[in-house]
Amino acid sequence: MTLIKSISGIRGTIGGNPGEGLSPLDLVKFTASYATWAKEKSGKNKIKIVVGRDARISGAMVSSIVISTLSGMGCDVINIGLATTPTTELAVTAENADGGIVLTASHNPKQWNALKLLDSKGEFLNAAEGEKILQIAEKENFYFADVDNLGTVTEKDYIGYHIQQVLNLALVDKGAIKKAGFSVAVDAVNSVGGTAMPALFKALGIKNIVEINCEPTGHFAHTPEPLPENLVETSEIVKNSKVDVCFVVDPDVDRLVIINEDGSMFNEEYTLVAVSDYVLSQTSGSTVSNLSSSRALRDVTEKHGCTYYSAAVGEVNVVAKMKETGAVIGGEGNGGVIYPASHYGRDSLVGAALFLTHLAKSGLKCSELRKIYPDYFMSKNKIELTPEIDVDEILMKLKGKFAGEKVTDIDGVKIDFADSWVHLRKSNTEPIIRIYSEAKSVGEAGNLAQRMIEEIKSVI
């Protein structure tokens, strides 16, 4: 059993002893801690919290405990039921709520669940806020409401609202999409995307929709992280279905992966690249992605005469940098598109609608559209160390060793070379250094990673 308490939320496997897995007692403790924090933040005794969940098997059980605990803390709850993470984020602001809790373990397997915590803007908490909640939980410093002050529970459905928000975006051209006459497939891995994504496509005027794993049972048909090795069967279905494009989402629908009409992968790193290319062709402004995302976004941004900025890994860090720089589009290379004209959160519905508009206006096949972007290839590795080794010291030595290159140290050490880069990050939970590298070929990316492994060994 596993329970991971971090500033970004609480996640764990269902069952086991309290404190060892995500047990009902842990759910009560961390929900009460969040409610305590939210009350202090708002300065009010009576607050409103939105709760949404993905379709995983434990969702109903976890949701009932979380909602009852919030009510027991005197919070009024808007229960939006089965909802995507971005839907829940939008519901927080639509309800003028004081916060929100998304019950999802994102791309993790079915035995996992989690509490993702939102502020009153429908955005993830920053590090200081997350740390405060962990401190409250550690001391169990919360107070439950008496019988006359229990919170109310109101049930609402926000999927339709979310879809209408997407349709209202100025750069989503429903007419162009409908005129293109696309056939679209979607693999929703048996979670909430199975409800949201087909409904979006229908609203965009698409008549032929091939639904793959769209029944929201929580029994994931394949490993839920939308990586190529998990989508072999889906790619085969796409190839045989004669569709123009396939969209694949993770269980909470904040990661968007695209499969070309011939069953080949568009590449998750290029979801943000393609959407940004379209947005920048219509709106001048800067872009942001995290340090471990493809350099292709920088290339596309500069092609439009705009400026690219990088941020530390983590959605909250990307959002902070986007706000700081006034970015018009940003996100993460795992298929996470953040479009501020909608809201500051990764949103696959927004991403898919913008991509379909781009595809329609381009007049190209999906595979042809992919070919217009520069090719980069990524390699992901790690080196295991012994606990007594000072990882920070190793990274500092490597920073000095490559001082002649462009080095960024806001999140580990990233070294930018002329045609490649490598990003070294330490793990917060185990003695390892993760090594992400990107180059113009698979071989070059792999060789760069191996070179860095040898460099690490040389300074230990």
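Just a few scattered comments:
- Estimated D of the range 162-371 in µm² per second, where Rh is the Kirkwood radius over Cα pairs and Stokes-Einstein applies at 4 °C, 1.567 mPa s: 77 µm²/s
- The range 377-459 - Rg (one decimal) and Dmax (whole number), Cα, Å: 12.0, 36
- Radius 11 Å from Cβ of GLU455, net charge of other residues (Lys, Arg +1; Asp, Glu -1): +3
- Neighbour-count order for THR87, THR408, fewest beta carbons within 10 angstrom listed first: THR408, THR87
- Descending semi-axes in whole angstrom, ellipsoid equivalent of the range 221-321, from the Cα gyration tensor: 28, 17, 10
- Arranged from fewest to most other beta-carbon atoms within 10 Å of their beta carbon, PHE220, PHE355 become PHE220, PHE355.
- For the range 117-257, lysine pairs separated by 8 or more sequence positions, or belonging to different chains, with Cα-Cα distances below 26 Å total 19.
- Counting all C-alpha pairs of the range 261-302, share separated by more than 13 Å (%): 54 percent
- For the chain: relative contact order, % (alpha-carbon pairs under 8 angstrom, 6 or more apart): 11 percent
- Beta bridges assigned by DSSP with both partners in the range 162-371 are antiparallel in approximately 40 percent of cases.
- Computed FRET value (nearest 0.05) for LYS139 with GLU430, which takes r as the C-beta separation and R₀ as 22 Å: 0.20
- Of the GluC sites (Glu not before Pro) found in the range 83-188, those that fall in a DSSP loop while having at most 13 other beta-carbon atoms within 10 Å are GLU140.
- Spherically averaged projected area of the convex hull of Cα atoms, the range 3-157: 8.0 nm².
- Highest to lowest packing among 141-150, 68-77, scored as the average C-beta count within 10 Å: 68-77, 141-150
- Rg/Rh, computed from the Cα trace of the range 334-375 with Rh as the Kirkwood radius, has the value 1.03.
- In the chain, the DSSP beta bridges split such that about 60 percent are antiparallel, to the nearest 5.
- Computed from the C-beta positions of GLN450 and ASP148 and an R0 of 60 Å, the FRET efficiency is 0.35 to the nearest 0.05.
- Calculated log₁₀ intensity ratio I(q)/I(0) where the Debye formula runs over C-alpha points of the range 84-194, q = 0.20 Å⁻¹: -1.32
- Each DSSP beta bridge with both residues in the range 81-228 is either parallel or antiparallel, and the antiparallel ones are about 50%.
- Value of [θ]222 nm, deg cm²/dmol, for the chain, DSSP H segments ≥ 4, -39500 (n - 2.57) each, nearest 500: -12000 deg cm²/dmol
- 19 Å reach of a label modelled at SER264, 7 Å along Cα-to-Cβ, counting backbone N of the range 272-305: 272-275, 296
- Hydrodynamic radius (Kirkwood) for the chain, which is based on Cα pairs only, to one decimal in Å: 22.9 Å
- Counted over the range 248-383 with a bin width of 10 Å, the fraction of Cα pairs per bin, in whole percents, is 13, 48, 33, 6, 0.
- Least to most buried among GLU438, GLU225 (fewest other Cβ within 10 Å first): GLU225, GLU438
- With both labels modelled 7 Å from their Cα along Cα-to-Cβ, the THR223 to LYS323 distance reads 3.6 nm.
No value in this document is a laboratory result; all are computed from the given coordinates. Everything numeric in this text was worked out from a predicted model, so none of it was measured. FYI the Cβ positions are ideal-geometry reconstructions off the backbone, even for glycines, and counts take in every protein chain you see.
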